[in-house]
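Here's the structure, in structure tokens; my notes come after.
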Amino acid sequence: MNNSSFLQALSREKNDVPPIWFMRQAGRYLPEYQTIRKNYKNFLDMCKEPRTCAELALQPIERFDLDASILFSDILTIPDAFNLGLAFHEGEGPKFSNPISTPQDIARLEDFQIEKLSYVYKAVEETKKILPATLPLIGFCGSPWTLAAYSIEGGGSKDFAKTKKFISDHPEAVKDYLEIITDACFQYLKQQVLSGVNALQIFDSWADLLNPNDLETYSLKYTRKLARKLKEDVVTSKTPIILFEKAPQKKISDILFEDLSCISLHWSESIESVSENLKGQFAIQGNLNPLFLLESDEIIQAETKKICGAMKNFPGFIFNLGHGITPDIKPEKVRGHD
Ligand code: CP3
């Protein structure tokens, strides 16, 4: 594992060729994924089969020349473990049948039971068994804020109006829920590390719902707390943490904090200007707009070269997309480096 170019980059070592992996590298754009997916009525049932998860995580590794693998699971396993009743309906995305609707729903929550997610830790173990021994595995969770937003909204939404109203009506109850989720995320990630993951990524996919003040109050405060807990624990203190933060309302350099190793940059950011401020402090992962993968090979190559050229002398660059691969992308458009 010491020779992993991905882990070296997370320690801000310079590589001649940047390591590469893709957010959502396992998923619906791969025909071999669809073949397995057909056997399950519900996506969540598939996530509860550790051997299947391992097989799905391996699929992009077998197809492309990638430098890291990511656990096959979902960020919504934690709210599901709090009995919010998660289901994924075809074409509709995630839905909770029992969302957080009142402060009493938060007060009544059962304690987090870490063993409810043992299917995830088993998936880590099974994945490690079949991955090449030198290939690192990334574990992950949603940020406390992103998980709270889904829990209150009851699923995905364009404007998250219900969540915004709930935080303005019941700010203290939301903070109680964020504390509960932060602790659950810590225990969950620790268990992933104990089961074999080599790095961790936190997805704050819904950070852009918040104004700059609320971003601090409801999101960053809890992500920082989660990262601090991980750094203070002997099991997880050395595991690098990557943060994906979709927050155009704030400068990346004002978001980052010392417990992180790396920022996974959204495609809307200029990687060149962000890198000038972060050199020597953080690794950077990113940030090709996945929409470019719908374009010609010439355009994909030109845009990739632009990013790699700008980051050539940056110690700790990992090439990735600036958000997840979408199901409409042809796998032939995703190619490893030479
Ligand atoms: O290679 C990988 O990255 C696979 C593991 C993975 C999945 N989801 C599998 C998945 C990871 C890391 C995620 C993270 C995730 N899940 C995020 C954060 C990243 C981001 O995109 O911002 C979020 C917000 C979710 C929540 C979620 N899960 C949504 C909104 C959906 C529906 C998406 C849609 O377009 O319908 C999912 C389902 C999901 N998670 C699928 C996969 C492969 C598709 C399920 C299917 O086959 O029906």
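What follows is calculated from the coordinates using simple rules that are stated; it is not laboratory data. In this text, all values refer to a predicted model and were calculated from it rather than measured experimentally. Glycine also receives a Cβ, built like all others from the backbone with ideal geometry; neighbour counts cover every protein chain displayed.
Some observations on this one:
- Relative contact order of the chain, taken over Cα pairs closer than 8 Å and 6 or more residues apart, is 22 percent.
- The chain: mean projected area of Cα convex hull, nm²: 15.7
- Trypsin sites (Lys or Arg not before Pro) within segment 57-144: DSSP coil, no more than 12 neighbouring Cβ in 10 Å: Arg108
- 13 Å beta-carbon shell around Ser4, net charge (K/R +1, D/E -1): -2
- For Ser11 and Gln301, the FRET efficiency from 1/(1 + (r/R0)^6), where r spans their Cβ atoms and R0 equals 35 Å, is about 0.75.
- Segments 17-29, 295-307 sorted - mean Cβ within 10 Å per residue, highest first: 17-29, 295-307
- Considering all different alpha carbon pairs of segment 237-338, the Kirkwood hydrodynamic radius works out to 14.3 Å.
- Model label points for Phe64 and Ile130, set 7 angstrom from Cα along the Cα-to-Cβ axis, are 1.9 nm apart.
- Annotation for segment 251-327 versus segment 162-183: alpha-carbon center distance of 32 Å.
- Extension gain, Lys221-Ser118: 0.36 nm per intervening residue step, less the Cα-Cα distance, totals 34.3 nm.
- Cβ crowding within 10 Å, taken as a proxy for footprinting-reagent exposure, orders Glu216, Glu126 from fewest neighbours to most as Glu216, Glu126.
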